[in-house]
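Read the structure below first, then the notes.
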Amino acid sequence: MNPEDYEAWYHTRRGEWIGTVEYALLKSMLRPEPGGSLLDVGCGTGYFTRLFARDVGGSVIGLDPNEEWLSYARAHETQGERYLSGRAETLPFPDRSFDYTISITSLCFMSQQEQALRELVRVTRRRFALGLLNRHSLLYLQKGRRAGAGAYRGAHWHTAAEVRTLFAALPVGPLATRTAVLLPQGDAMARAVEHCWPGNVLLGAFLVVAGDAMNGQRP
């Protein structure tokens with residue numbers, strides 16, 4: 001998929017709804033304060049980077065190894081956010097460089113997940129949030145089995161228990177997990193169910209894991 005088609009999907013009726021629901025969950029769990037610095041690891045076209053730059057208003061950086069997608073992100077910068085080339089496994093920043101870090105589904109396509117998480121926590125001063133694909137979801141049954149289909153081909157679908165294991169040896173506070181997008185078709189029924197479904201019943205397609213980075217601080 002090219003960046004133009006990826007971004008265009010977020011402007012379809014279904015894509016706009018899913019993007020809005022996912023961002024609302026991410027923001028509620030990250031709890032960024034205005035003026036804080038934020039790093040988006042694996043930012044792609046900058047869709048979520050731009051939203052956080054709009055709402056946080058501090059120094060916001062999107063990082064990605066794909067130059068084509070970075071070019072798209074730079075061309076559509078709206079709030080003074082910056083886009084840099086780099087890999088999650090070797091983040092080009094000193095320890096505790098950012099108040100907040102996010103990574104949206106990029107971990108699902110990495111082979112060195114533990115190293116990427118170690119780096120993400122290392123550069124975080126306060127709080128992080130990861131958006132992942134949930135193996136315990138209807139979307140997984142539709143798109144994730146047998147190596148995946150379409151944009152999900154080759155993706156790793158996580159469970160909450162698996163993610164907690166990945167974080168077990170890292171200096172983080174208690175993890176919070178919630179999901180969104182229970183019915184991914186995005187029609188009127190999906191929207192009604194989403195409104196009343198408790199996010200802590202982890203059956204939605206979008207799994208968010210958030211926590212505090214301790215990095216030498218007392219828990």
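The values are calculated or read from the model by the stated rules, or taken from the named source; none is laboratory data. The shown structure was predicted, so the numbers you read here are calculated from the model rather than taken from an experiment. Heads up, the Cβs are rebuilt from the backbone with ideal geometry, glycines too, and the neighbour counts pull from every protein chain shown.
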Flag if residue 156 is under 16 Å from the mean Cα position of the chain (by Cα), under 30 Å from residue 12 (Cβ atoms), surrounded by fewer than 20 Cβ atoms within 10 Å (Cβ to Cβ) and touching a residue at least 24 places away in the same chain (Cβ under 8 Å):
yes
Quick one: residue 79 ticks every box in (1) modelled with pLDDT of 95 or more; (2) of a type outside the set (A, V, I, L, M, F, W, C); (3) under 23 Å from residue 24 (Cα atoms); (4) assigned to a loop (DSSP other than H, G, I, E, B) except a single one, so which number is it?
(1)
Yes or no: region 180-188 includes at least one residue that is polar (S, T, N, Q) and closer than 15 Å to residue 129 by Cα.
no
Of the numbered conditions (1) touching a residue at least 60 places away in the same chain (Cβ under 8 Å); (2) on the phi > 0 side of the Ramachandran plot, residue 46 fails exactly one; give the number of that condition.
(1)
Inside region 89-133, the number of residues satisfying the requirement of being assigned to a strand (DSSP E or B) and in contact with a helix residue (DSSP H, G or I) (Cβ under 7 Å, 6 or more places away or on another chain) is 12
All conditions in (1) of a type in the set (Gly, Ala, Ser); (2) closer than 23 Å to residue 27 by Cβ; (3) outside any loop (DSSP other than H, G, I, E, B); (4) modelled with pLDDT under 95 are true of residue 151 except (2)
Only one residue in 179, 165 is buried (at least 19 other Cβ atoms within 10 Å of the Cβ), of a type in the set (Val, Ile, Thr) and either outside any loop (DSSP other than H, G, I, E, B) or in contact (Cβ under 8 Å) with a residue 12 or more places away in the chain (or both). Which one?
179
Total residues in region 117-160, condition hydroxyl-bearing (Ser, Thr, Tyr) and closer than 27 Å to residue 98 by Cβ
1
Sort out which residues of region 193-219 are free of Cβ contacts under 8 Å to residues at least 40 places away in the same chain, over 15 Å from residue 18 (Cβ atoms) and of a type outside the set (S, T, N, Q), and write them in order of number.
196, 198, 201, 218
So, of the residues in region 78-111 that are in contact with a strand residue (DSSP E or B) (Cβ under 6 Å, 6 or more places away or on another chain) and charged (D, E, K, R), which turns out to be nearest to residue 129 (Cα to Cα)?
99
Would you pick out the residues in region 98-113 that are within 15 Å of residue 64 (Cα to Cα) and among the hydroxyl-bearing types (Ser, Thr, Tyr)?
101, 103, 105, 106
